[in-house]
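A short reminder: the numbers here are calculations on the coordinates, not readings from a lab. Just so it is clear, the structure is predicted and the values come from calculations on it, not from any experiment. Note: ideal-geometry Cβ built from the backbone for every residue, glycine included; neighbour counts use all protein chains shown.
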Amino acid sequence: MIMNLNFSRRQFLKVSGLAIAGISALSSLGVTYGMAEVIIITEQAEGLVIGDPTKCVGCRRCELACTEFNDGKASSTISRIKINRNLQLGYLGLYTGKCDEGKWGIGLIIQDICKQCPHPVPCADACPNDAIVIKPPINARVVDSDKCTGCKMCQRSCPWDMISFDSDTNKATKCFLCDGKPKCVEACPAEALKYVRWRDLSRSVPTRISPTSVISQEKIQACMGCHK
Amino acid sequence: MAKHGGWAGKVLRVDLSTGKISTENTIEKYKDFIGGTGIGYKVIWDEVPSATKPFSPENKIIFGTGPLAGTGAPCNGKTAITTLWPTCWPKPLVASGHMGGHFAAELKYAGYDAIIIEGKSEHPVWLSIEDARVELNDARRLWGLGIRRTTYEINLQMGHEASVAAIGQAGENLVPMSVIINSVSHSAGGGAVMGSKNLKAIGVRGTGSVYISGKKEEWEKAIKFHLSLLGANNQHVVPSSPQPWAEYYSPGSRWISSKGRNWEASRPPIETGSCDPHNLNRIAYRSNNAVFFLGNDAWKYTVRGNGCTGCPIRCHTILRVPSVYSKYAIPEIGQNTCGGLNFGRAFFKTFPDGPKSQTSIEACMVGMHFADDLGIWNNYGLLQRDFQKLYYDGILKTKIDEKEYKSYSWDKFEKGDPGFLFELLPRIARKDGELATALGMGTGYMLERWGISEEDWKKDPALQYWKMGHPRHHSNEDSGQIGVIINTQYNRDAQCHSHTNFIRNGLPIEVQKRLASELWGSPDAVDATLAYTPMNIYKAKMAKWSLLRKELHDALALCNWMGPISASPLKERGYRGDDSIESLLYTLATGDKKSCQELDHVAERILLLHRAITIRDMGTKEMRTMHDTIPDWVFEDIKDKSPFSKGTNRMDKEDMRIAMDMYYEEMGWDKKTGAPTLETYRKFDLGDVAEKLKQKGLLP
Amino acid sequence: MIKECSKAILDSIRESSKSGLLLPEKEIFSKFTQKLVKSHEQIRDDAIKAMLDEVISSNEDITVLYDSIYCRYYYSALTMTEAYARLLLLKKENSLHLMASIIRENSAKYPRPIPITVFQNFPFELRQDDILLCINKMIELQEYEDIEQVTTSIGNLFFYSKRYLDFDYAMMLAEWEDVGCIENP
């Protein structure tokens, strides 16, 4: 995926190497010399895609629309909406002994969809290259493929395991809401997906993995700027 | 060589005898045959000598997908399984089965267009394919398990995303009437061929991509266009009841969604509602095959529709029937479509509470539970019809000994108690006893074993037995002579749906005739059901078109149960479909520009190769008399109504002779023998094939 | 005001078509007379009629149908077909006429007999007893003497018109649909 993005960003001071005690003092004095910017996303996304599992018929047309119409190739792996992994044996699946969902269970298929997390945005915070940014006017959290080095740190930081990795481009990729007209929603033959105004669902959805994100010192320091 | 989209690019070859795993370039070796059955027939012709037995290590089994598998082209979930067919009687010949589900897409994402399995392993193995990593694994631990458990075990090792195609106990025990199944309910024949090779299952996980050659905007447009032309299952284009948006309706249509009709077993229930064809976000609600086959009671058990990758038509219905858990201790959830759905029910003549009753639904659930775990095939319903005839005509009693006879609860069978299936089906899979063994052999071999003449079977119209051990599959009952011609061509039941999808699409005969005139040159190509007219050249054209599109779909990995798109639900298009949709999708996906005529040309090459293999392996060119035969019941009528009178499917012998003449003529085959001529082989670049046949004296 | 009112009439016709209903003229009158009275304007029926005519002439999709006593009904062709609108009109009239029309149309056009379930299901939703009552009445009436019935081998009732189908043809078609199609999936 190649995009020319006009990023809006909230700029923070780079304050690495300074004693924590000194931050507030320096900030309040407005000292800015010798400091580069750090991206911390605080703006909310305008919308997000939500799925109704009782309606999902498991055809994966959403996965196909996501990758074919955006990337020109069909690939379940890089799809930013994830059906296949829950399709056969459910969300918790065999490893937990709870394979009661999916085709082999009661038929329920949970659509895994990017939550467009509110601040703090784990994938963006974990990116050492500030490659996950917001794209106006929708403010979806998107991967700036020019900056992405393919280190996969974002993948390990997303509690919902929603970051995909495209081995053709060697870049991470994630849901960018198709700039407000999500292809997956348009493609669903069962009205099981909706594009709605953003609301915080992150706490009501069980996480998939324990994120093991490493936040850079610079960002930690920047966080401290607000969270004193 | 130019890079193509669509195809994954490689064909995987696994020699089970040596353990050697290799790949071939799809484009270099198989492009002229596209994929699917095309690759299958090519391998059988090139590599499997005639007189090979189905269960011999020299037989090969080919899992073929095509360039559209795994893409967003609607209805692309098929994997064609080609091999020497073990139920083909009196001599096994080449045939193919068509497995839906998610196997095809996963195989493509792993980087393969097809898998050729050859040889025989010393001990049970299963094949794992994880992108480039392909391994044979010990399956001794899995041998003896059902398909359900086998799939779980393999998913445990390969992860949740892997698609697993496995055989059950029937395949292991070399029961010819056995299947391979993936994704719960998607089956195709050939289970015992896998079993004979000691191959329990294939697990595949692909993380790669299928590339679309054309511009993504154009692809998106093409996909949406195709979706806009879709009807319900079998491309029925009108709803089954009057709907506000509809001009026509047909109670026999599989488009059964409507206001007030709900997926009741979903929590909460979901209304299927009015599904205006312009609303592409409600296509999945149109069909519910459980209700279509089992009646309105099935609504209350419907959880949702299910089906293959990329298909918005969900022809498999997931049912939740709590009573079967308490009565039979089997899971209350089951799913399948058509033959699979009816598997259990079709054994019984009556049920205590009527034909479309609660008990009949329970029989379906028990049938699916066993058939899709043991991996038993029903030969398009002939297994069940055979069984009923054997019992009710008293034949069975004379063929098995008393002790065995008494080991079955015939009172349960006669009453329509689904519990009877607990006695019968596991025994078929185990070849346990004379009855079960004979049933599992397939009709032809069963009759031979029991010294019953095939003619006796051909005489009974209720059996719908056609030839070579298999039944009719959309023959004269589905478009007169056209269906008959189609049913003469294959070595198993003809699985062609091109004609029946048009005939049963639900449009008034006048509209059908208008469309027929555009597609095949004259309104006379089609007749109203049960009001047939004498043969004409346009019917021969439609028969040929039907067969070519079937082969084309099997090669592209499109579903011939949904195509071709010969009509649409769109009034503004005059209900026209689009005859060139395959060419549009093929060209955009692969980048290989081919018109629909050019694609039909490839399809004809594939069909011709199928014919050549059949001629070679039968060892005769006398196809017209030895192969393309028609059972007598086609020429009879219960009330002795004369052919071409209204209300009969009866065909006329002389007229059918003319029909076959016209068909051979259209195909460029010799009319006397029904064998393709040298010129025809050459026209389709199969000159080398013709040469080999010539050496054996098999050219006309 | 007139313009607003026309727009409201148009919307209400389209809205009712969307939900699968015809809009009777008298409903439009009662609804909009009330509205207009409330707004203290002296408008006679003629004004509404004029507005309706205006709505019809300037919107191609709006169509009018007449029932047997010449009452007018409106629908929008955007969401409803003429066939369905006519069927709804028939439904408002007596069941005998409705059933006979549907049976004849099916026998003539497709051609086929139709199962009793057609009348039990949406959009007719008649009770089986009522349907049988109607059929029995038809036998006695001259104008319905062409309506016949056949029973399939699994006991389901189908209806046809002998003007278009003879008994054998209808019988075999019914058997094909009820049994044959299911056994030959």
Quiz item: What average number of partner chain Cβ atoms lie no more than 10 Å from the Cβ of the residues making up A:185-197?
Solution: 4
Quiz item: Can you give me the relative contact order of the stretch A:11-226 as a percent, contacts being Cα pairs under 8 Å and 6 or more apart?
Solution: 28
Quiz item: Which of B:39, B:347, C:182 sits closest to the plus end of the dipole of the protein assembly as shown, meaning its Cα is farthest towards the positive end, when Lys and Arg get +1 and Asp and Glu get -1 on the C-beta?
Solution: B:39
Self-check item: Qualifying trypsin sites (Lys or Arg not before Pro) for the stretch B:574-617 [loop in DSSP, other Cβ within 10 Å: at most 14]
Solution: B:593
Quiz prompt | Rg/Rg_ref, the stretch B:473-695, where Rg_ref = 2.2 N^0.38 Å and atoms are Cα | solution = 1.02
Quiz item: What is the antiparallel percent of DSSP beta bridges lying wholly in the protein assembly as shown, to the nearest 5?
Solution: 85
Self-check item: Rounded to whole Hz, the Karplus (6.51, -1.76, 1.60) HN-Hα couplings of the stretch C:135-147, x for glycine and proline
Solution: 4, 5, 5, 4, 4, 7, 9, 4, 5, 10, 5, 7, 7
Self-check item: Sum of -39500 (n - 2.57) over DSSP H runs of 4+, divided by residues of chain B (222 nm, nearest 500)
Solution: -10500 deg cm²/dmol
Quiz item: Cα-based Rg (one decimal) and Dmax (whole number) for the stretch B:1-87, in Å?
Solution: 13.9, 42
Quiz item: Mean separation of Cα pairs under 8 Å and 6+ residues apart, divided by the residue count of chain C: what relative contact order is that in percent?
Solution: 17
Quiz prompt | Where N is the number of residues in chain C, Cα Rg divided by 2.2 N^0.38 Å | solution = 1.33
Exercise. Over 30 Å between C-alpha atoms is what I'm after, so list which of A:181/C:18; A:82/A:135; B:259/C:31; A:147/B:31 land there.
Key: A:147/B:31
Quiz item: When DSSP assigns beta bridges and you keep just the ones with both residues in chain B, what percent turn out antiparallel, to the nearest 5?
Solution: 80
Exercise. Report, as an integer, the average count of C-beta atoms from other chains found within 10 Å of each Cβ along A:61-71.
Key: 6
Practice problem: Indicate the gyration tensor shape class of the stretch B:232-454 (rounded, prolate or oblate), computed on the Cα atoms with a ≥ b ≥ c the square roots of the eigenvalues: a/c under 1.5 is rounded; otherwise a/b larger than b/c is prolate and the rest oblate. | Solution: prolate
Quiz item: Relative contact order for the stretch B:462-566: what is it in percent, counting Cα pairs under 8 Å that are at least 6 residues apart?
Solution: 26
Self-check item: Of every Cα-Cα pair in the stretch B:1-147, the percent that sits beyond 21 Å
Solution: 45
Quiz item: What Kirkwood radius, in Å to one decimal, follows from the Cα pairs of the stretch C:94-183?
Solution: 13.0
Quiz item: Exposure proxy check: B:390, B:552 ranked by fewest other beta carbons within 10 Å?
Solution: B:390, B:552
Quiz item: If eta is 0.890 mPa s and T is 25 °C, what Stokes-Einstein diffusion coefficient results for chain B, Kirkwood Rh from Cα pairs, in µm²/s?
Solution: 97
Self-check item: Shielding score for B:237-249, defined as the mean number of other chain Cβ atoms within 10 Å
Solution: 6
Quiz item: Among rounded, prolate and oblate, which fits the protein assembly as shown when a ≥ b ≥ c are the square roots of the eigenvalues of its C-alpha gyration tensor, a/c under 1.5 means rounded, and a/b larger than b/c means prolate?
Solution: oblate
Quiz item: When we measure straight from the Cα of residue C:137, which lysines land under 22 angstrom away, once same-chain ones fewer than 8 places off are left out?
Solution: C:91, C:92, C:162
Exercise. Work out how far the C-alpha atoms of the stretch A:11-226 reach from end to end along every principal axis, then list the three figures in whole Å, largest first.
Key: 61, 36, 33
Exercise. Determine, for C:15, B:28, B:172, the number of other Cβ atoms within 10 Å of each Cβ, and report the residues in order from fewest to most.
Key: B:28, C:15, B:172
Quiz prompt | Calculated [θ] (222 nm, deg cm²/dmol) that DSSP helices of n ≥ 4 give over chain C, each run adding -39,500 (n - 2.57) | solution = -16500 deg cm²/dmol
Practice problem: Using the structure shown, list the pairs from B:646/C:109; A:194/B:108; B:327/B:399; C:3/C:49; B:389/B:458 with a Cα-Cα distance above 21 Å, or answer none. | Solution: A:194/B:108; B:327/B:399
